[in-house]
1. If you check G303, G254, which single one turns out to be of a type outside the set (A, V, I, L, M) and more than 16 Å from the ligand (Cβ to nearest atom)?
2. Is it the case that the range 30-47 has a residue that's acidic (D, E), closer than 30 Å to L288 by Cα and assigned to a loop (DSSP other than H, G, I, E, B)?
3. May I ask you to list the residues in the range 211-254 that are of a type in the set (A, V, I, L, M), touching a helix residue (DSSP H, G or I) at 6+ places or on another chain (Cβ under 8 Å) and more than 23 Å from S67 (Cα to Cα)?
4. Are any of the residues in the range 346-362 under 22 Å from T203 (Cβ atoms), in a helix (DSSP H, G or I), away from the ligand (no atom under 16 Å from the Cβ) and touching a residue at least 24 places away in the same chain (Cβ under 8 Å)?
5. Looking at (1) on the phi > 0 side of the Ramachandran plot; (2) exposed (fewer than 15 other Cβ atoms within 10 Å of the Cβ), which is the only condition E317 fails?
6. Only residues in the range 157-168 that are of a type in the set (K, R) count as the first member; pair them with residues that are in a loop (DSSP other than H, G, I, E, B), Cβ under 8 angstrom, at least 6 apart or cross-chain, and list the lot.
7. Just wondering, is there one or more residues in the range 217-238 that are under 19 Å from the mean Cα position of the chain (by Cα), among the charged types (D, E, K, R) and assigned to a loop (DSSP other than H, G, I, E, B)?
8. May I ask you to list the residues in the range 121-138 that are more than 13 Å from the ligand (Cβ to nearest atom), touching a strand residue (DSSP E or B) at 6+ places or on another chain (Cβ under 7 Å) and either part of a loop (DSSP other than H, G, I, E, B) or of a type in the set (V, I, T) (or both)?
Amino acid sequence: MAEEIDFQAMPKIELHAHLTGSITRRCLHEIWRGKRDAGETDLDDPLVVMPEGRHDHDLTTFFPLFSSYIYRLINDLPSLRHSTRAVVRDFAADGVAYLELRTTPRAVPAAGLDKRGYVRAVLDAVAEAEDELGAGRIRVRLILSVDRRNSLDEAWEVLALAREFAAPALRRRGDGEDDGEDDGHGSSGGGGGVVGIDLCGDTSRGDVSLFTPVMRAAREDAGLPLTIHFAEAASTGTDEELGTILDWRPARLGHVIHVSDRIKRRIIDYGRQQDGGGGEKGPGPLGLELCLSSNVQLKMIVGSFDVHHFGEWWRVEDGPVIMPCTDDVGVFESPLSNEWRLVQQYFGLTRDDIVALGRKSVDVIFGGEAEKARLREIMW
Ligand code: 6MZ
C-alpha cells in the first residue's frame with residue numbers, strides 16, 4: 001500500500017504548463033455562454049466540443065483544437081484576461097506555489113491586440129490573480145514560446161517581446177551583470193515577468209535548426225534561459241535534432257520521450273557538464289519536464305503509465321533533475337497533484353523520495369535566486 005500523502009496540500013512547482021491548454025472546459029464554457037448570450041459567437045459549446053472526461057485526442061486532433069476552436073473563443077481582451085486569471089487561481093487551488101506559465105504571443109486583430117498587447121494583457125492578468133490570491137500564495141512567471149511552425153522573423157519577434165518584458169533580474173543578467181536580488185514579481189503592473197524562452201508546437205513539424213540564431217541570441221545576449229520540447233514525437237527524437245538543440249545550451253528539456261540509449265547518454269553527459277561536472281562550476285543542473293498524462297492520453301508512448309519514461313529517468317544516478325508537469329491541464333484534466341500521485345503509484349516513490357524530488361526542482365526554476373530561497377523555505 002502506498003503511503004497516504006496529501007498531494008494537494010504539498011507545495012508544488014509547475015514548470016511546464018501552456019496557458020491556453022490550461023484553461024478548464026468549465027471556464028471555456030462560461031466564456032462561451034457569455035458570448036452566446038450576447039450574440040457574439042456561433043461556436044459550439046466547449047462542453048460538447050471537448051466533453052468532460054473524454055480524453056481521446058491524438059497528435060492529429062490536439063494541435064488543431066487550439067487554432068480551430070479555443071483561439072476563436074478566446075478572441076478578445078476580457079476573455080483573455082478572465083481565462084488567464086482563472087488558470088492562475090486553479091493552479092493555486094491545487095497547491096502550486098510557483099508556476100512558470102508559457103504562452104505563444106498571438107495577435108488578436110479583431111480585438112485590436114497585437115502580440116505585444118497580448119503579452120502585456122497576460123502579464124497584467126497574472127499580476128491581478130496573484131494579488132487577488134494574496135501575498136506569496138503563488139508566484140507566477142512567464143515563458144514565451146516560439147512555435148515550431150513559426151518563421152524565423154516570428155521567432156525574432158518572440159525574443160524581442162521576451163527582452164522587453166523580461167523580469168528585472170534577467171534584464172541585469174542580459175547586461176552581463178550579476179544575477180542580483182530577483183524582484184521580477186508579476187505584479188509590477190505587467191512591467192516584467194518573462195523569465196525564459198520555449199520551443200513548442202506540433203512536434204512532428206519543422207526543422208528546428210532554423211531557430212538557431214534566435215536561441216543563441218536569447219541565451220547569450222539576452223540572458224534568457226531556454227526550455228525546449230524535445231522528442232515528443234518519434235519523428236523528431238533524432239541525433240541530428242538533439243545535437244542542434246544541445247548546441248543551444250538549454251537549461252531544461254520537455255517530454256524527452258523518443259530517445260535511444262545513445263541520446264539518453266548524451267543528455268546525461270550534457271546535464272553533468274551543465275552542473276559543473278567538467279571541473280568548473282556550470283550554469284546549473286539540467287531539468288527534464290515530464291508530462292505523464294499528456295503523453296499517455298496523446299498516445300505519445302506505447303502503453304500506459306507503468307511504461308512511462310519517468311520510471312527510467314528516476315533511476316538514473318546523478319542524472320538530470322526530473323519533475324512531473326501538467327502540460328495542458330485544461331485538456332488532460334489531470335492537475336499537478338494528480339501527476340504526483342501517478343508518480344507515486346506507478347514508480348513506488350516513498351514520501352521521502354517525493355519530498356526530495358519536489359525540493360530538487362527548485363534548482364531548475366528560471367525565477368531567480370530570491371524566489372529559490374522563498375521556495376526552499378516553504379517546500380516540504
Ligand atoms: C508541444 C504544445 C503542447 O501558447 O496558446 N502546446 N506544444 N507539445 C505539447 N504537448 C501536448 N501542448 C500545447 O498554448 C497552446 C499552445 O501550446 C502548444 C501548442 O503550440 C498550442 O497551440 P498557448 O498559451
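The values are calculated or read from the model by the stated rules, or taken from the named source; none is laboratory data. Just so we're clear, the structure is a prediction, and the values are computed from it rather than from any experiment. Reconstructed Cβ throughout: ideal geometry from the backbone, glycine too, with neighbour counts over all protein chains shown.
1. On the way: G254 fails: more than 16 Å from the ligand (Cβ to nearest atom).
Criteria check complete, one pass: G303.
2. no
3. V214, A217, A218, A222, L224, L226, L242, I245, L246, A251, L253
4. No.
5. (1)
6. R163/A222; R163/L224
7. Looking through the range 217-238, at least one residue is under 19 Å from the mean Cα position of the chain (by Cα), among the charged types (D, E, K, R) and assigned to a loop (DSSP other than H, G, I, E, B).
8. I138 - this is the single residue of the range 121-138 that is more than 13 Å from the ligand (Cβ to nearest atom), touching a strand residue (DSSP E or B) at 6+ places or on another chain (Cβ under 7 Å) and either part of a loop (DSSP other than H, G, I, E, B) or of a type in the set (V, I, T) (or both).
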